[in-house]
Amino acid sequence: MIIGCMAGLVAAAQACLKDSDCLTRSRPDVHSMFCVDNICQKVLPPGKHCTRPTECSSYSFFGPLACTGKCKVENECEYGKDDNFDSMYCCRSIPQGKECNPNRPGSLSGCDITQSCLMGKKGFYECVPDKSNSWLLGVFLSISGNIGINIGINLQKKSYKQSHIRLFNMNLQTFYAGCFTYGLGKILGYCSYLFGNQSLMAVLSATGLVSNSILAPMINEEIFTWKDFSAIFFVFAGTTLIVMNTATSHKVYTLCELLKMYTRVETLVWLGFIILVIIVLFIFVKYVEVNSNWELPDENMIFLRREGVWFDEEGTVIKYTMVLAYVCLSSFIASFTTLSIKSLGEMIDKTVAGDNQFIFLTTYCFIIILATCTFFQIYWLNRALRHYDALLVIPMFHVTWTLLSIFTAGIYFREFEQYTRYQLSVFVCGVILIFFGSFFLGSRITNKTYIKTKDIGMESEKILKNQ
């Protein structure tokens, strides 16, 4: 009888009609009990492992489908391992613009961690993105950085013809001035990733094409044609479409989350693909160089030299393929710098906040990776500039690096999970425009050869007339 009475009291204590019937304190928190199906129980935020749909804070929206979400490995950093960790399902988050529960604290409202439960225009509380003006600073840093990068690249290109320049009444070595300006632009570009999504910052590098079309003729006296303008127009139009449909909310990741995301299968496959492409491109470039006039004086890979194999400078491989190989090799290496600076930036942010991250070996590993990738990125880009015009190399680098950064953002940071079907369709249209614009860039090789041949012919005619 005593046991039966206790069971009855427990059952009575658990019965409820609304959340306030379950509260033991005036201000609820994540450990409080809430009313779910007339029973007082604890609820779980989106992303946490679950065994029953009634455990999830999004149960009011999804019903029996609330506990069918895909678990994210990075959520272990925030929630840790609990009793439900062996479950393969996690609580789903209420979609953007859908009704949520404003009376429950924080993520227990059912919204994603990047959203808040606020009164919407439709007259009810809904999940809305956490908007911040910090992305505007990211846009400014990205544009400034891309201009600096293009000035640096063009100065490095100029150093092959002019070793010194006069600037502010100082005699500077052109190459080192270019490296300094390039490095400064890179730092500004890297900092922009701390204030905005990677996909947004990457497509803003289209501003580099506009600045390069002005700087290349000014610094290196290169010829600007209507095809260059067409390439810039289509690439810029494509990137504008992508920017206009990119979410301005920005999730800040902890070091633990960043490291956890590196262990996901899709991330490992993507990074493995990038490494494989880098190796293949490196071997191809070296094979062509040692079997042509482009071989370096101190070449160490002469074992790739083959009898009867020779690549002429007017041939298809050197004239058309090598520029793409150089640029792709540089841009694929550059894709690692984006991941490294994102991780390093989060650690710097934590250190400034008082949590010193420079006592860990991981921090210095990211610094080494960043420095190494940046060096080889500049090296191979300069190899391309040694043989081809900056008006060809820089736009091609922009196209390949931007697309790689966008795909990395989608795979590593999962920035497209919250995209609607319309946003995805516009994104695809933007990418198509970028590719269409890149077709015009190939004309720089033909134009360059045509101009040289034409100039030589004119000079020969003048010589014959003078004789």
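The values are calculated or read from the model by the stated rules, or taken from the named source; none is laboratory data. Everything numeric here is computed off the predicted structure, so don't read it as measured data. Reconstructed Cβ throughout: ideal geometry from the backbone, glycine too, with neighbour counts over all protein chains shown.
What number of residues within the stretch 22-47 are modelled with pLDDT of 90 or more and closer than 28 Å to Thr267 by Cβ?
3
Pick from the stretch 196-246 the residues that are aliphatic (A, V, I, L, M) and more than 30 Å from Arg414 (Cα to Cα): which of them is surrounded by the most Cβ atoms within 10 Å (Cβ to Cβ)?
Of all residues in the stretch 196-246, those aliphatic (A, V, I, L, M) come to 200-204, 206, 209-210, 214-216, 218-219, 223, 231-232, 235, 237, 241-244.
Pick out the ones that are also more than 30 Å from Arg414 (Cα to Cα) and you get 214-216, 218-219, 223.
Values: Ile214: 12, Leu215: 22, Ala216: 25, Met218: 10, Ile219: 21, Ile223: 13.
Residue satisfying both the conditions and the ranking: Ala216.
Return the total of residues in the stretch 46-59 being assigned to a loop (DSSP other than H, G, I, E, B) and free of Cβ contacts under 8 Å to residues at least 60 places away in the same chain.
6
Give me a count of the residues in the stretch 116-142 that are of a type outside the set (S, T, N, Q), closer than 30 Å to Thr402 by Cβ and at pLDDT below 85. Even if it seems obvious, please write down each step before you answer.
We begin by selecting, within the stretch 116-142, every residue of a type outside the set (S, T, N, Q); these are 117-131, 135-141.
Then keep just the ones that are closer than 30 Å to Thr402 by Cβ; that gives 128-131, 135-141.
Subset that is at pLDDT below 85: 129-131, 135-139.
The total comes to 8.
Under 9 Å by Cβ, and 6 or more places apart or on different chains, what pairs join a residue from the stretch 200-222 that is in the same structural domain as Ile151 (by TED's automatic domain parsing) with one that is modelled with pLDDT of 75 or more and of a type in the set (Lys, Arg)?
Cβ pairs passing all conditions: Ala216/Lys157; Ile219/Lys157; Ile219/Lys158; Asn220/Lys157; Asn220/Lys158; Asn220/Lys161; Glu222/Lys157.
Can you list the helices (runs of 4 or more DSSP H) lying wholly within the stretch 226-304 that have 1 or more residues being at pLDDT below 85?
226-244, 255-261
If I filter the stretch 426-444 for residues that are in contact with a Lys or Arg (Cβ under 7 Å, 6 or more places away or on another chain) and of a type in the set (S, T, N, Q), do I get at least one hit?
Taking every residue of the stretch 426-444 in turn, at least one turns out to be in contact with a Lys or Arg (Cβ under 7 Å, 6 or more places away or on another chain) and of a type in the set (S, T, N, Q).
What's the number of the only condition in (1) crowded, with 20+ Cβ neighbours inside 10 Å; (2) touching a residue at least 40 places away in the same chain (Cβ under 8 Å); (3) more than 22 Å from the chain's Cα centre (by Cα) that Gly138 fails to meet?
(3)
Take the stretch 16-45 and flag every residue that is surrounded by fewer than 13 Cβ atoms within 10 Å (Cβ to Cβ) and not in a loop (DSSP other than H, G, I, E, B).
Ser20
Name the single residue that is farthest from Ile283 (Cα to Cα) among those in the stretch 300-318 being touching a residue at least 12 places away in the same chain (Cβ under 8 Å) and surrounded by 12 or more Cβ atoms within 10 Å (Cβ to Cβ).
In this case the residue turns out to be Glu313.
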